[in-house]
1. Would you calculate the separation in nanometres between label points at VAL258 and LYS2, each defined as 7 Å from the Cα along the Cα-to-beta-carbon direction?
2. Pick out, from ILE270, LEU80, PRO105, the residue whose Cα sits farthest towards the positive end of the charge dipole of region 3-278, with +1 on the Cβ of Lys and Arg and -1 on the Cβ of Asp and Glu.
3. Got a sec to turn the phi values of region 193-203 into Karplus ³J(HN,Hα) couplings, 6.51 cos²θ - 1.76 cosθ + 1.60 with θ = phi - 60°, whole Hz, x for Gly and Pro?
4. Amide H neighbours of ASN143 under 5 Å, counting only residues 5+ apart in sequence or on other chains, H built in-plane at 1.01 Å?
5. What nm value, rounded to one decimal, do you get for the distance between LYS169 and ILE46 when each label is placed 7 Å out toward the C-beta?
6. Can you tell me the order of 36-45, 228-237 when each peptide is scored by its average per-residue count of other Cβ atoms within 10 angstrom, highest first?
7. Taking all protein chains as present, what is the carbon and sulfur share of the accessible area of the chain, in % to the nearest whole number, probe 1.4 Å?
8. Counting pairs of alpha carbon atoms under 8 Å apart in space and at least six apart in sequence, what relative contact order in percent does the chain give?
Amino acid sequence: MKQYIADGMLLVTAIVWGSGFVITAIALEYLTAYQVMAGRFLLASIILIVLFGYKLKKVSKSVIWKGILLGTILYIAFALQTVGLQYTTPSKNAFLTAVNVIIVPLIAFAVYKRRIDGYEMIGSIIAIVGIGFLSLQGSLTMNIGDALSLACAVAFAFDIFCTNLFVQKEDAIALTIIQFITASFLGVLVVVSQGDIPTTLEKEAIYSIVYLAIFSTTLAYLFQNIANQYTSATKAAIILSTESFFGMVLSVIFLHEVLTGQMVVGAVLILLAILIAEVKPAHPKKRMMKSSR
């Protein structure tokens, strides 16, 4: 039962993150990428401390260093994604971010020396072709925003893998609080170092930051970190990858983004790669092994 609840929490997270692509695009019309990140993480940290601050009274050194590591990875991932969104479209940013689902098993191989099977090899090749259709322009050059989005996919893959690893032994909520405090500290530090502290804020910017802080950050990451206690990193990556689909749909609905045929083909190929590489637990042999445990 807990596993189904965890899957539901991850799906809600994916939907909220999908909407986040649209809201972030709106926020970037009024604020810089670094201001958006500093604002969302700072507000999210305050919300979590108000709600669950009591968990910090008995926080261990292990939770602190793991939370700091997760917060640093998270800030880097969002920096790459948010800055990338300034140079590419929300739907392309969303789909390229989804490539992290292919990278998670590669990290597992590097850490645990788990053999990469044929499914993953085929999936990786199809993903590369899909990325080419989605991102490469007529001159066969990649937009800087596309490159940053791909780099962010790598960072998010590490975030998913490390989160799944850490929450098996640590309190998920305490870990999330330290993670957000770290990300907000880095965010504020960058904005201050740039001398870019906003003096006035448009209401649209405020609404966007509040939405991103409450839903895309606090709620989504609480759900993700708690759900990771009851599922595998690979399965979590599969479910979370659907954020790209929701991001594209919501971009078309609310931002009236026009998708080209080439982008649609690329998106379909990437999703096909995800299915081939990651839904192999449904293979009969795998099912038998699982049921025998």
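1. 5.2
2. PRO105
3. The phi angles translate into 5, 7, x, 10, 6, x, 9, 9, 9, 6, 4 Hz.
4. Answer set, sorted by chain and number: GLN137.
5. It works out to 3.5 nm between the two label points.
6. Averaged packing, sorted descending, gives the order 36-45, 228-237.
7. Result for the chain: 72 percent of the exposed heavy-atom area is carbon or sulfur.
8. Details: 451 pairs, mean separation 123.5, N = 293.
Once normalised by length, the contact order is 42 percent.
The values are calculated or read from the model by the stated rules, or taken from the named source; none is laboratory data. As the structure is a prediction and not an experimental result, all values here were calculated from the model. Ideal geometry is used to build each Cβ from the backbone, glycine not excepted, and the neighbour counts take in all protein chains shown. The area values use the complete protein model at the heavy-atom level, side chains included, leaving out ligands, DNA and RNA. Shrake-Rupley method; radii C 1.70, N 1.55, O 1.52, S 1.80 Å.
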